Amino acid sequence: MKRRWPSGVLLLLALLACKKSTPSKGATDDSANLATQATQPAETRQDGSVVLSKPGHKVHHLTSDRTHLYFAVGHRDRTVLLRVPKAGGATERVAHIGANIIEIAADDTQVWVASWAGLDAYPKTGGAPRNLFKGRVHAFAVGETDLVYSTKDTVRVALKSGGDSKSIATAQQNYLSSVGIDDTHVYWMNNRSRTLFRAPKTGGERKAVAQKVFPAEAHPIVVDGEFAYYYQGIPRSFRRVQKTGGEPTVLGTAGFHFRGMALDAEHIYWGRGWAIIGASSDDDEGWTTGGRREGKGGVMRLAKTGGESTNLCELTGKVVALAVDDAAVYWIDADPGIVAKKPLTR
């Protein structure tokens, strides 16, 4: 049995060194000021992609605002939220999270973290987080003014500015896998009924948007002005359906080890990577034994109307999260443990 150390262990140690002991969640002395923990120059690779940060193989989850990328490193009580400028620069520590993360999102003033411990809003400028829900969150998504999250058996919506949440659907019997949101409705998957539902954010009758849905994991539901997009686990494919309901359209195949999904005006983006088949491992301690590697990494793009997908970056091993804006696509590659981007050509 061979010990495998992450390539970014020195950066991770530098980011954690400012605390001699594990801080309590949201402790004022931990998040009151954003301090630069590590500075690494951006590295442009031969395929045109740019490495922005090298936090190591325990990096996961990604979101963005207009100027920064936010991501997490570590697991359980060692989970830390970091950020790096999109243009390149210092990797900064935002906050200690201290729980396994389900999803993160950012707006102009705060970073939302849904975790096994609850749902919290962390100010970007520092300070204690604002808690919206205590308990394990199963899925989470943010809209312009509202957010939607699911618990063990309930879908709830709340204003981002605060206040009580509203129950949209109950008695889902622990089969909730994904949620989404737009200006007027919330969307969710129920794995037992194999159905994509939606209901008004203000409450009201739910409606089946698509049936015979087979989501393999808790993948996102992403919506634009007309369609809801989702990942079909059996067979592995991307589909879209009118938000008001109808027959889903198969857009293309997703490939092996699909992770993340994002939209721009014309395309769908997702990550893929290898996986170890038949292994016995404890990634939290860095041990791996046996198994074989299958699959190939990539930052994939597909037209919203369907067709052949394109790999925008061949120099990837295991893409686990991504984001997109008008200028570039951004991703986390857990092998070798980097945060990267590639400018988009239209």
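The values are calculated or read from the model by the stated rules, or taken from the named source; none is laboratory data. Source: prediction; values computed, not measured. Here the Cβ is made from the backbone with ideal geometry for all residues, glycine too, and neighbour counts use every protein chain on show.
Selection of the range 290-346 for residues being more than 16 Å from the chain's Cα centre (by Cα), among the β-branched types (Val, Ile, Thr) and assigned to a strand (DSSP E or B) yields only Thr310.
Val73 falls short on exactly one of the conditions (1) under 19 Å from the mean Cα position of the chain (by Cα); (2) farther than 27 Å from His185 by Cβ; (3) surrounded by fewer than 22 Cβ atoms within 10 Å (Cβ to Cβ); (4) β-branched (Val, Ile, Thr), and that condition is (3). Against the condition part of a strand (DSSP E or B) and at pLDDT 95 or above, how does Val250 come out, does it pass? Judged against the criteria, Val250 is not a match. Looking across Val186, Val209, one residue alone is closer than 18 Å to Leu263 by Cα and either in a strand (DSSP E or B) or touching a helix residue (DSSP H, G or I) at 6+ places or on another chain (Cβ under 9 Å) (or both). It is Val186. Are any residues in the range 140-173 surrounded by 22 or more Cβ atoms within 10 Å (Cβ to Cβ) and under 21 Å from the mean Cα position of the chain (by Cα), and if so, which ones? If the condition is that a residue be surrounded by 22 or more Cβ atoms within 10 Å (Cβ to Cβ) and under 21 Å from the mean Cα position of the chain (by Cα), then Phe140, Ala141, Leu147, Val148, Tyr149, Ser150, Val155, Arg156, Val157 are the ones that fit.
Set side by side, the residues Arg272, Arg301 differ, and just one is within 30 Å of Gly225 (Cβ to Cβ) and at pLDDT below 90, which is Arg272.
If you scan the range 181-196, which residues turn out to be in contact with a strand residue (DSSP E or B) (Cβ under 7 Å, 6 or more places away or on another chain) and at pLDDT below 95?
If the condition is that a residue be in contact with a strand residue (DSSP E or B) (Cβ under 7 Å, 6 or more places away or on another chain) and at pLDDT below 95, then Trp188, Met189, Asn190, Asn191, Arg194, Thr195, Leu196 are the ones that fit.
Return yes or no: is Ala199 over 21 Å from the mean Cα position of the chain (by Cα), in a strand (DSSP E or B), of a type in the set (A, V, I, L, M) and at pLDDT 95 or above? Taking the combined requirement at face value, the residue satisfies it.
Do we have Arg130 as over 19 Å from Leu159 (Cβ atoms) and of a type in the set (Lys, Arg) here? No.
Being more than 17 Å from the chain's Cα centre (by Cα) and without any contact (Cβ under 8 Å) to a residue 40 or more places away in the chain holds for only one residue in Thr109, Thr125, Thr91, and it is Thr109. The residues of the range 117-163 that are at positive phi and at pLDDT 90 or above, listed by number, are Gly118, Gly135. Answer with yes or no whether Gln242 is at pLDDT 90 or above, surrounded by 14 or more Cβ atoms within 10 Å (Cβ to Cβ) and under 29 Å from Thr310 (Cα atoms). So Gln242 fits the description; yes. Counting just the residues of the range 46-60 that are part of a loop (DSSP other than H, G, I, E, B) and out of contact with any Lys or Arg (no Cβ under 9 Å at 6 or more places or on another chain), which one comes out modelled with the lowest pLDDT? The qualifying residue modelled with the lowest pLDDT is Gly56. So is Asp120 in contact with a Phe, Trp or Tyr (Cβ under 9 Å, 6 or more places away or on another chain), within 21 Å of Asp164 (Cα to Cα) and of a type in the set (Asp, Glu) or not? In short, yes. Could we say that Ala114 is at negative phi and in a strand (DSSP E or B) here? So Ala114 fits the description; yes.
Could you tell me whether the range 325-341 includes any residue that is surrounded by fewer than 23 Cβ atoms within 10 Å (Cβ to Cβ) and on the phi > 0 side of the Ramachandran plot?
Within the range 325-341 (the criterion being surrounded by fewer than 23 Cβ atoms within 10 Å (Cβ to Cβ) and on the phi > 0 side of the Ramachandran plot), the answer is no, since none of the residues qualifies.
Looking only at residues in the range 104-115 that are farther than 17 Å from Glu92 by Cβ, modelled with pLDDT of 95 or more and not hydroxyl-bearing (Ser, Thr, Tyr), the one that is surrounded by the fewest Cβ atoms within 10 Å (Cβ to Cβ) is Ala105. Every test in (1) more than 19 Å from the chain's Cα centre (by Cα); (2) assigned to a strand (DSSP E or B); (3) at pLDDT 95 or above is passed by Ala228 save one, and that test is (1).
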